[in-house]
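Quick notes on the structure that follows.
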Amino acid sequence: MASIFFSSSRRKILSCSRSPPFIFTLRRLHQPYNSLTESDIQVFSEILGHNPSLLLPASDPIVTAASTDWTGHYGPAPARLLLRPQTTAQVSALLRYCHERRLPIVPQGGKTGLVGGSVPTRAHQEIILQLQQMNQITALDPLMGIVTCQAGVVLQNLQDYCADQGWLVPLDLGAKGTCQIGGNLSTNAGGPYFRKYGSLAGNVLGLEVVLADGRILDYNYRQRNNLKDNTGYKWHQLFLGSEGTLGIITGVTLACAPLPRSKQAAFVACASYNQVLLVLQKARQYLGEILAAMESMDAAIWTLVEASGRHKMPLSAETLRSDSAVLEGGPFFLLIDTHGSNADHDQEKWQTFLEAVQNDILNGVLAQDMKQYQSFWQIRESANPTVAQLGYTYKYDVSLPIAQFQDWIQEMRLERLGPLGRTESSLVNANWGHILDGNLHFNVTTIGEREVQKDLVNALEPYVFHSILKRGGSISAEHGLGQAKNHLLPSVHNEITLDWMRSMKALLDPKMILNPGKFLPVSS
Amino acid sequence: MKILVGVKRVVDYAVKVRVAQGTVELANVKQSMNPFCEIAVEEAVRLKESNIAKEVIALSIGPKQCTETLRTALAMGCDRGIHIQTDLRTDYMELQPLAIAKLFQQIVAEKEKPDLILLGKQGIDSDCGQVGPMLAGLLQCPQVTFAAKVESKDNGFLVERETDAGTESIHIQTLPAVITCDLRLNEPRYATLPNIMKAKKKPVETILAETMGIDLTPRNPVLQVMEPPPRKDGIKVADVDALIDKLRNEAKVLA
């Protein structure tokens, strides 16, 4: 009975799908991965042209580093091997072999993910397959702004390349100097420009994916680069945000936006969250089409960034806090960013906007040149690294109705964190986010402590998730599931939906070699 | 004491400069206050805040958009602005340091008569660093360039300046004098919104450059403008022997 489940033929899988839950439980109980042998390594070496820098053994410190995620919460879990293919053909050959031999793989890009999705798990000790060698930008159509590149291209390099020719890659994140576009696609990365430039998925015109069995799927990647094409099921969209569990993305064709000639930014401080909402509405009204991003930083994170001494802060939380108008949780800081085609027009819009909000803000600073513009963004992007340095950080990336942000934060503080009785110098809750997109990053840091604390975890989970779901929000707005949040999926989706997801996984990766233990819940 | 500060509008420090039609492309390119002029404005405003100066006037030369540069200076704390309007390019292509120094000289000697003239050490477009010394020469007054520290002393200033050999202290005993400002002098402040609003009401006077009776023709013809050749990629060598070989035989820096 067990043997038919290990076959990858479609007919048998379809016959299995009549009663999926039973089959998948059984599959997981009998899920032997094979051990890595010398002859496996020989085959890999052959595929990679016997180049010693493309195949590293588990004992190599580089592999140990590659086995620990950015947050340090996961790993180092031992990996069996590290592979660095240089072409799609090599990725295909490697996967075909691993599929035959039933060897588990974790695809890895820049390893900047925050949910432990790109590192090996202790349970399976996967082979790490890094895409970093595939870093070529193949083409950029200068008239259409369509760029084609391999999955291992570092995001910032792609941004610079396109900007040189007047095009803007419609994605930006703090990790841009390290993250790779393949990883961005696999996690359907969000970032601050979601509202203006749309989701990353919406801008993907073509994709090249290598499936678990080594087959190469190409959707408008090599031959055709069109903005509009409706010739078939848009299967490529399925891979976006699938976190390497359905296939390995090796190439992408992306639509860019015209590079804005005029970029302006301001930091404003508000006394209360109600004022924040007023400023948000007026920004939409007066800045309109040029409004590109609005990022929030609360007093807690602002104070921590200020204290780190790394940045010249345009405003001081300490000074502002003494204003009597400042309410509980305040002052709140907003970074307002605009992109437009004409600096004079943009400045006129800004003048009208600033006049409209002058009574809604305590103070504000407008960047006078691009250096100031960039340093404002650096301040915003230093939020995550700042708390990460201070101690173990419990990170929750949620979506919820914008009007409820502060209300929910207060609820968490009063009902879950307050009762723990910790002092301000030992435990801090710092919050920031892409407020324009309704995305909040709720962070709790134990200052000076690097070990996870059970009582804190219990105070936070599963309360965070249930309270967010109760408010109709998302328990993972943009960071994804990885191995951090996959167990929560049954609270989010009903059995029909979950079942459908499992069916897709079984169809595309029947031997479960791609990124096991991630994304979908692992059944016990 | 009255201070005159020069503020130059240049291609933004963070923008990549391109060559088009045989010259530096300015069309649709972001322009902002020269970073060294920002430092000069900051120093002038600090002198006013410590009651050494009573009035700070910002002076800019260039097209009508210079009023934006002057508004930044006003938002940082200058009291009023003077705009010498000209459509001649101020990045050395048309208006050159001697002409600029002469325009400054007229404003200083005949109009404002300030006690101190603060300038950035150089414009990041032309990189000449000449207006300060030329102006002091025309005015026959003391000059200290590359100032890293400015302190009031007696009726003058004690200035520390940066040289390749180290820091030098100079006591300016008579005024007026010209000081050009270097990077380490201070960190310019941000323009806060209330100050930006206030700056809109501060007076800015416009004077047309042609009416000042100064010969503005460039003295040095610009022969060619080109981008630097692209940098060659670096290479990795396998070992020290290979490194020595390359240094000796390719780069020819070893005997």
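Summary table below
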| item | result |
| --- | --- |
| Unique residue being charged (D, E, K, R) and without any contact (Cβ under 8 Å) to a residue 40 or more places away in the chain when the list is A:LYS282, A:LYS234, A:LYS263 | A:LYS234 |
| Residue satisfying all of: in the range A:171-204; among the aromatic types (Phe, Trp, Tyr) and not in a loop (DSSP other than H, G, I, E, B); farthest from A:LEU481 (Cα to Cα) among these | A:TYR197 |
| When residues of the range A:327-356 are limited to those that are among the hydrophobic types (A, V, I, L, M, F, W, C) and in contact with a Cys (Cβ under 9 Å, 6 or more places away or on another chain), the one farthest from the other protein chains (Cβ to nearest Cβ) | A:PHE332 |
| Of all residues making up the range B:170-205, the number that are more than 12 Å from chain A (Cβ to nearest Cβ), assigned to a loop (DSSP other than H, G, I, E, B) and of a type in the set (D, E, K, R) | 3 |
| Filter result for A:ASP407 (of a type outside the set (Phe, Trp, Tyr) and surrounded by fewer than 21 Cβ atoms within 10 Å (Cβ to Cβ)) | yes |
| Members of the range A:358-371 that are touching a residue at least 24 places away in the same chain (Cβ under 8 Å), buried (at least 22 other Cβ atoms within 10 Å of the Cβ) and either within 7 Å of chain B (Cβ to nearest Cβ) or part of a helix (DSSP H, G or I) (or both) | A:GLY364, A:VAL365, A:LEU366 |
| Failed criterion for A:ASN203 (all others in (1) in contact (Cβ under 8 Å) with a residue 40 or more places away in the chain; (2) touching a strand residue (DSSP E or B) at 6+ places or on another chain (Cβ under 9 Å); (3) crowded, with 24+ Cβ neighbours inside 10 Å hold) | (3) |
| Meets criteria (closer than 17 Å to A:GLN378 by Cβ and surrounded by fewer than 23 Cβ atoms within 10 Å (Cβ to Cβ)) for A:GLY166 | no |
| Single residue of the range A:122-132 satisfying the filter (assigned to a loop (DSSP other than H, G, I, E, B) and of a type in the set (A, V, I, L, M)) that is farthest from A:SER45 (Cα to Cα) | A:ALA123 |
| Exclusive hit being touching a residue at least 40 places away in the same chain (Cβ under 8 Å), among the small types (Gly, Ala, Ser) and surrounded by 19 or more Cβ atoms within 10 Å (Cβ to Cβ), set A:GLY480, A:GLY438 | A:GLY480 |
| Number of the exception - A:MET504 against (1) in a helix (DSSP H, G or I); (2) under 16 Å from A:VAL115 (Cβ atoms) | (2) |
| Qualifying residue in the range A:297-307 (condition: surrounded by fewer than 21 Cβ atoms within 10 Å (Cβ to Cβ) and within 25 Å of B:LYS200 (Cα to Cα)) | no |
| Test: residue in the range B:10-17 that is surrounded by fewer than 21 Cβ atoms within 10 Å (Cβ to Cβ) and either within 12 Å of the chain's Cα centre (by Cα) or more than 14 Å from chain A (Cβ to nearest Cβ) (or both) | no |
| One residue from A:VAL106, A:VAL91, A:VAL115, A:VAL119 being buried (at least 24 other Cβ atoms within 10 Å of the Cβ) and in a helix (DSSP H, G or I) | A:VAL91 |
| Residue ID - nearest to the chain's Cα centre (by Cα), chosen from residues in the range B:19-30 that are facing another protein chain (nearest Cβ under 10 Å) and touching a residue at least 12 places away in the same chain (Cβ under 8 Å) | B:LYS30 |
| Given (1) in contact with a Lys or Arg (Cβ under 7 Å, 6 or more places away or on another chain); (2) within 18 Å of A:GLY438 (Cα to Cα), index of the condition A:TYR197 fails | (1) |
| Test: residue in the range B:232-250 that is modelled with pLDDT under 95, surrounded by fewer than 10 Cβ atoms within 10 Å (Cβ to Cβ), of a type in the set (S, T, N, Q) and not in a loop (DSSP other than H, G, I, E, B) | yes |
| Among the residues listed as A:ALA265, A:ALA269, the single one being touching a Gly at 6+ places or on another chain (Cβ under 7 Å) and closer than 24 Å to A:ASN439 by Cα | A:ALA269 |
| Some residue of the range A:337-360 being within 27 Å of the chain's Cα centre (by Cα) and either more than 21 Å from B:SER32 (Cα to Cα) or of a type in the set (Asp, Glu) (or both) | yes |
| Count - residues of the range B:156-178 that are among the β-branched types (Val, Ile, Thr) and touching a Pro at 6+ places or on another chain (Cβ under 9 Å) | 4 |
| Helices (runs of 4 or more DSSP H) fully within the range B:31-142 counting 1 or more residues that are surrounded by fewer than 23 Cβ atoms within 10 Å (Cβ to Cβ) and in contact (Cβ under 8 Å) with a residue 60 or more places away in the chain | B:35-49, B:66-76, B:97-106 |
| Residue count, the range B:196-211 (criterion: farther than 25 Å from A:GLU355 by Cβ and either surrounded by 16 or more Cβ atoms within 10 Å (Cβ to Cβ) or free of Cβ contacts under 8 Å to residues at least 24 places away in the same chain (or both)) | 3 |
| Tabulated pairs, the range A:290-319, first closer than 20 Å to A:ILE435 by Cβ, second among the acidic types (Asp, Glu) and outside any helix (DSSP H, G or I), C-beta under 9 angstrom, 6+ apart or interchain | A:LEU291/A:ASP337; A:ALA292/A:ASP337; A:ALA293/A:ASP172; A:ALA293/A:ASP337; A:MET294/A:ASP337; A:GLU295/A:ASP337 |
| Within the range A:336-357, considering residues that are acidic (Asp, Glu) and in a helix (DSSP H, G or I), the one surrounded by the most Cβ atoms within 10 Å (Cβ to Cβ) | A:ASP346 |
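The values are calculated or read from the model by the stated rules, or taken from the named source; none is laboratory data. Given the structure is predicted, the values throughout are model-derived calculations rather than measurements. Don't worry about glycine lacking a Cβ; one is built from the backbone with ideal geometry, like all the others, and counts go over all protein chains shown.
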